[in-house]
1. Could you give me the residue pairs with C-beta distances under 7 Å whose first residue belongs to the range 22-44 and is farther than 14 Å from N162 by Cβ and in contact (Cβ under 8 Å) with a residue 12 or more places away in the chain, whose second residue is among the hydroxyl-bearing types (S, T, Y) and surrounded by 15 or more Cβ atoms within 10 Å (Cβ to Cβ) wherever it lies, and which are 6+ apart or on separate chains?
2. Across the range 48-70, what is the total count of residues that are part of a helix (DSSP H, G or I), surrounded by fewer than 13 Cβ atoms within 10 Å (Cβ to Cβ) and small (G, A, S)?
3. Pairs only if they're at least six apart or on different chains, beta carbon under 9 angstrom, first in the range 59-76 and of a type in the set (S, T, Y), second surrounded by 13 or more Cβ atoms within 10 Å (Cβ to Cβ); list them, first residue then second.
4. Suppose the filter is surrounded by 20 or more Cβ atoms within 10 Å (Cβ to Cβ), assigned to a helix (DSSP H, G or I) and of a type outside the set (K, R); does L144 pass it?
5. Is there any pair linking a residue in the range 145-156 that is over 9 Å from M100 (Cα atoms) to one that is in a helix (DSSP H, G or I) and of a type in the set (F, W, Y), with Cβ under 6 Å and at least six apart or on different chains, and which?
6. Filter the range 107-134 down to residues that are in contact with a Ser or Thr (Cβ under 9 Å, 6 or more places away or on another chain) and without any contact (Cβ under 8 Å) to a residue 40 or more places away in the chain and give me whichever is surrounded by the most Cβ atoms within 10 Å (Cβ to Cβ).
7. Return yes when V104 is of a type in the set (A, V, I, L, M, F, W, C) and modelled with pLDDT under 95 and no when it is not.
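The values are calculated or read from the model by the stated rules, or taken from the named source; none is laboratory data. Computed from a predicted structure; not experimentally measured. Positions of Cβ are generated from backbone atoms using ideal geometry, with glycine treated the same way; all protein chains shown enter the neighbour counts.
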Amino acid sequence: MTGLSEHQRSADINESHDGADSLRQELMREINRLNRFSVRGILALSLFLVVCILAWWEFSFLPAPEKVTALLGKPPSAGIISIALLLYTFSAIILSLSRMTAGVEHRSSFSHVAYLTLFFLFYYFGKSLEENYWAVFGSGVTILGVESYRIWTFCAEGITKNREDIEYVNRTGRPPPEE
């Protein structure tokens, strides 16, 4: 009877060791994923800066505004576009800050680049890009700066938690307690 209990004990130790190894590997995969995800905000900001350079050069690769407005019709006035930009800026910042306080992982950075590019294009086709360039630039840097910070802090907290969990598994050989 003692032989069976020793055999069972040996099997339990091996199972525990295998479980701890797989948990460590899972935690390391999550740390690696968070490391890759943490640069998403900076990449979106970099893409936005490329769009800003193209807008600064007045989208020289696009057709003239007259050709596009002849085809699509008159664009909204610069005042209407500016009001929409202002509403979008405040909404995006509030949404990003609320996601930050809730600790939500959300991958919206590149959609902000698309919306801001549309504002540049609306101003371009409305022939008021030169007067409104800095408004879109400032809004974009603000929104994407907040988004980048939100993503970075989310990832940093997750990486710290996973490293603490790995240390706990190394010390005890058991999964960390759920919070």
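1. Pairs that qualify, where the first residue is farther than 14 Å from N162 by Cβ and in contact (Cβ under 8 Å) with a residue 12 or more places away in the chain and the partner is among the hydroxyl-bearing types (S, T, Y) and surrounded by 15 or more Cβ atoms within 10 Å (Cβ to Cβ), are R40/S109; G41/S109; G41/S148; I42/S148; A44/S109.
2. 1
3. Note: pairs meeting the criteria are S60/L54; T69/P75; T69/F125; T69/G126; T69/K127.
4. Yes, satisfied.
5. Short answer, once both residue conditions are applied: C155/F37.
6. Within the range 107-134, the match that is surrounded by the most Cβ atoms within 10 Å (Cβ to Cβ) is F119.
7. On the way: of a type in the set (A, V, I, L, M, F, W, C): yes; modelled with pLDDT under 95: yes.
It is true that V104 is of a type in the set (A, V, I, L, M, F, W, C) and modelled with pLDDT under 95.
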